[in-house]
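As structure tokens, the structure follows; a few thoughts come after it.
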Amino acid sequence: MSVDPRVFRSALDRAHAHALTWLDSVESRPVGPRADADELLPLFSGPLQDGPLDAADVVDELARISEPGLMSMPSGRFFGWVIGGTLPSAMAADWLVSAWDQNAAMRGATPAVAAAEEAAGAWLLELLGLPRGSDVGFTTGATASNFVGLAAGRQYVLNAVGWDLAKDGLTGAPRVRVLVGADRHASVDLALKYLGLGTPVSVDVDDQGRIIPAALASTLAQGSGPVIVCLQAGNLHSGAFDPVGEAADIAHEHGAWVHLDGAFGLWAAASPSLRHHLAGLERCDSWATDAHKTLNVPYDCGVAIVAHPEVVRSVFGVHTSYLLNDEKGPGDALEKVPEFSRRARGVPVWAALRSLGRSGVIDLVDGLVANAQSFAVALAKMPGVKVLNDVVFTQLCISFGSDERTHSITKRLLADGVTWMSGSRWAGRDILRISVSNWTTDDADVADSLAALQRAISAEDAATT
Ligand SMILES: *Cc1c(COP(=O)(O)O)cnc(C)c1O
């Protein structure tokens, strides 16, 4: 059937207009949403009508009813969780990915997408200083990338003791010990759960959440057999980095596979002024990071990097008669990630890196850290405010005294609407956490957010005295 191109044009024109309206509103609208999901659900639901509707009308309706329930995550004054905005090049490339609608599983089927993803992968290895020739897979996020690295590790350490995991499965296999710092991200536990490896052994960490090498060595020495060590670059509270090289060497002495969760922190390796935090990171066996956080590409996009391509391909590779398998070349995407059919997630990464260039990537990462430092300097001067962590990267944990007072000030801050930061608990206290992850955040955003914080503190003081 020949589709009238005007059908696409009218729907895409509407989407384009609504996208620009949204992006124009990001600076001026309150950061938080105005309606919650329960209030919005009736607008989206009800019985599905019988007949079709015009595509452009559907797009109009979607934009209209979504509007009050959108959080201004792309705002330079959004500091919640660890989220990041979107670079224009990456957003536009992502639109093309949808228009092209390629199933990006195989090189032979979609050569342009494969070439873009392979080029982006090679640039990433170079920027992050990781071993050339490592396999790079584009996943849905760091959770999936942690899964990939830990799955490769599971296969490798079991094979090393003569257990053929692919053939014999996990039932009856020698127990795989997994050691992780106690202040890890919950997605590591999740990935281990998917892998049937159970709850890991927690290794002691210091006051910034960094794994203690001596504790790692003694915990490793307490057992034997197949073992995986999972390290962290970028603690989600303190931003701290495990002593990666030192810990990797200790782990390797015990025959371990070493995986590094660097969801947002791995990007420190791209910056000459920050790379020292990650000395020796190239000695790990696998690395997980996100492109949708620090690199500021649209959701969702993670990166799974494995130094031993034959291992990761033995886990995820599929060879059947109906596929176009890439037998000799750099390998198909479907051999490097859990998905079979997949979106061309690496294409926005290619566009982001192409538009930034090497210096642009460095400026992006250094800029986030500079803004975090500005927050730290200003907050240190505010009476009754305490920054609990050493601000080495993009994260700040703030206490306003008692847990109760911190809660109350956080609530006032979010109601104010100028800025958005999330609450959490760290170092035995309830905190307000600032994560600087958006490429658009500038000095004015930091100043406006500090002013909003000061208003919330003053209002709290006025209410309680
Ligand atoms: C965000 C994060 C993850 C999980 O990443 P997703 O992209 O949400 O899957 C894992 N580890 C760390 C340290 C993180 O900050």
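Summary table below
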| quantity | calculated |
| --- | --- |
| Nearest-10 value in Å² for the accessible area of residue 123, using the 1.4 Å probe | 80 Å² |
| Residue-wise HN-Hα coupling along region 368-379, computed from phi with Karplus coefficients 6.51, -1.76, 1.60 (Hz; x: Gly, Pro) | 4, 5, 4, 5, 5, 5, 4, 4, 4, 5, 5, 5 |
| Relative contact order for region 207-350, counting Cα pairs under 8 Å that sit 6 or more residues apart, in percent | 17 percent |
| Amide H within-cut-off set for residue 302, under 5 Å, with H built and near neighbours excluded | 139, 140, 141, 291 |
| Residues whose placed amide H lies under 5 Å from that of residue 431, excluding near-sequence neighbours | 424, 425, 426 |
| Phi-based couplings in Hz for region 127-141 (Karplus 6.51, -1.76, 1.60; Gly and Pro marked x) | 4, 8, x, 9, x, 4, x, 5, 7, 10, x, 9, 10, 7, x |
| For the chain: accessible area per residue (Å², 1.4 Å) | 44 Å² |
| Cα centroid separation - region 1-46 against region 362-395, whole Å | 35 Å |
| Rounded to the nearest 20 debye, dipole of region 5-72 from Cβ charges on Lys, Arg, Asp, Glu | 240 debye |
| At q = 0.08, 0.09, 0.10, 0.14 Å⁻¹, base-10 log of I(q)/I(0) for the chain (Debye sum, equal scatterers on each alpha carbon) | -0.52, -0.66, -0.81, -1.37 |
| Distance histogram for region 5-72 (every C-alpha pair counted, 10 angstrom bins, percent rounded to whole numbers) | 18, 42, 32, 8 |
| 3J(HN,Hα) from dihedral phi, region 253-260, Karplus parametrisation 6.51/-1.76/1.60, rounded to Hz, x for glycine, proline | 4, 9, x, 7, 8, 10, 10, 10 |
| Residue 429-residue 95 pseudo-label distance in nm [points 7 Å out on the Cα-to-Cβ vector] | 4.6 nm |
| Listed residues 16, 252, 292 arranged by accessible area, highest first, probe 1.4 Å | 16, 252, 292 |
| Heavy atoms of residue 44 accessible to a 1.4 Å probe, total area in Å² rounded to 10 | 100 Å² |
| Dipole of the chain, positive end: most advanced residue of 321, 270, 159 [Cβ charges, Cα centre] | 159 |
| Cα-projected label distance for residue 173 with residue 411, points at 7 Å along beta-carbon direction, nm | 4.9 nm |
| Label zone at residue 19, where the point sits 7 Å out along the Cα-to-Cβ direction: region 55-99 residues whose backbone N lies under 14 Å | 86-99 |
| Square roots of 5 times each gyration tensor eigenvalue, C-alpha, region 1-124, largest first, Å | 29, 25, 14 |
| Length gained when the stretch residue 382-residue 321 is fully extended (0.36 nm per residue, less Cα-Cα span) | 15.3 nm |
| For region 119-220, the Rg and Dmax computed from alpha carbons only, in angstrom | 15.6, 44 |
| Extension reserve of the residue 206-residue 193 stretch, reckoned as 0.36 nm per residue once the Cα distance is removed | 2.1 nm |
| Mean separation of Cα contacts under 8 Å, 6 or more apart, over the residue count of the chain: relative contact order % | 21 percent |
| Shape box of region 365-465 [Cα atoms, principal axes, largest first, Å] | 41, 28, 21 |
| Cα centroid separation - region 101-170 against region 440-461, whole Å | 42 Å |
| Heavy-atom SASA rank of 29, 429 (probe 1.4 Å, accessible area, largest first) | 429, 29 |
| Estimated FRET transfer efficiency (residue 2, residue 44; beta-carbon r; R0 35 Å; 0.05) | 0.60 |
| Charge context of residue 338, other residues only, Cβ under 15 angstrom, K/R +1, D/E -1 | +2 |
| Computed magnitude of the charge dipole of region 9-147 (debye, nearest 20; Cβ of K, R +1, Cβ of D, E -1) | 440 debye |
| Inter-centroid distance (Cα atoms) of region 255-273 relative to region 287-338, Å | 18 Å |
| Residue among 63, 45, 20 farthest towards the positive dipole end of region 5-72, charges placed on Cβ | 20 |
| Net dipole in debye of the chain [+1 Lys, Arg Cβ; -1 Asp, Glu Cβ; about Cα centre; nearest 20] | 500 debye |
| In nm, spacing of pseudo-spin labels at residue 112 and residue 12 (7 Å Cα→C-beta vector) | 1.2 nm |
| Dipole of region 319-465, positive direction: furthest Cα of 351, 422, 394, with charges on the beta-carbon | 422 |
| Flagged links, alpha-carbon separation over 27 Å, of 293/328; 193/411; 193/293; 293/381; 193/336 | 293/328; 193/411; 293/381 |
| Length gained when the stretch residue 455-residue 224 is fully extended (0.36 nm per residue, less Cα-Cα span) | 77.5 nm |
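The values are calculated or read from the model by the stated rules, or taken from the named source; none is laboratory data. Fair warning: this is a prediction, and the values are worked out from it, not measured in the lab. Virtual Cβ from ideal backbone geometry, glycine too; neighbours counted across all protein chains shown. SASA here: full protein model, heavy atoms, side chains in, ligands and nucleic acids out. Shrake-Rupley method; radii C 1.70, N 1.55, O 1.52, S 1.80 Å.
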